[in-house]
Amino acid sequence: MQGFFRQWAEIDLSSAEKSDIFINYSQIEFLQQLNKDLLVEQDDQALQQQLVQNINLIRALAGEIVAEACAGFPELKAYVPEISVSSSRYLGGVFELLNRKQVQSIGNIASE
């Protein structure tokens, strides 16, 4: 994923326009749950199951990020052929915030 992020940053020149966006991570639901889960005492079997769930979550998040990036830059898929595009919406609110900023920036350019 790191190489993918580098390539995305290289071709998506809009990142500078988004540098003033604040994302409150404490308001992202799946992160809230992960933090709560850290406090749960678990036996070995439950912990192993939790780890498998977390790995699946990470895969879904990676697929969601790839889907979002490739929607605008399809050539990026070549950098992560092993990652399946995901239709999960864990990061939907984050992407909506970032895309809203991009639309506002485009709107500002159009009105100038």
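The values are calculated or read from the model by the stated rules, or taken from the named source; none is laboratory data. What you see is a predicted model, and the numbers here were worked out from it, not measured in a lab. Backbone-built Cβ (ideal geometry, glycine too); neighbour counts: all protein chains shown.
Restricting the first member to segment 44-57 and to residues that are on the phi > 0 side of the Ramachandran plot and in a helix (DSSP H, G or I), and the second to residues that are of a type in the set (Ser, Thr, Tyr) and surrounded by 10 or more Cβ atoms within 10 Å (Cβ to Cβ), no beta-carbon pair is closer than 8 Å while six or more apart or on different chains.
Somewhere in segment 67-81, is a residue under 16 Å from GLN2 (Cα atoms), out of contact with any helix residue (DSSP H, G or I) (no Cβ under 7 Å at 6 or more places or on another chain) and surrounded by 13 or more Cβ atoms within 10 Å (Cβ to Cβ)? Looking through segment 67-81, at least one residue is under 16 Å from GLN2 (Cα atoms), out of contact with any helix residue (DSSP H, G or I) (no Cβ under 7 Å at 6 or more places or on another chain) and surrounded by 13 or more Cβ atoms within 10 Å (Cβ to Cβ). When the residues of segment 65-112 are filtered to those that are out of contact with any Phe, Trp or Tyr (no Cβ under 6 Å at 6 or more places or on another chain), assigned to a helix (DSSP H, G or I) and acidic (Asp, Glu), the one that is modelled with the highest pLDDT is GLU75. If I filter segment 33-50 for residues that are hydrophobic (A, V, I, L, M, F, W, C) and under 16 Å from the mean Cα position of the chain (by Cα), do I get at least one hit? Yes, that holds for at least one residue.
Restricting attention to segment 10-31, which residues are at pLDDT 90 or above, closer than 18 Å to PHE95 by Cβ and not in a loop (DSSP other than H, G, I, E, B)? Those that are at pLDDT 90 or above, closer than 18 Å to PHE95 by Cβ and not in a loop (DSSP other than H, G, I, E, B): ILE11, GLU29, PHE30, LEU31. Can you give me the number of residues within segment 32-62 that are aliphatic (A, V, I, L, M) and more than 20 Å from SER87 (Cβ to Cβ)? The qualifying residues number 8.
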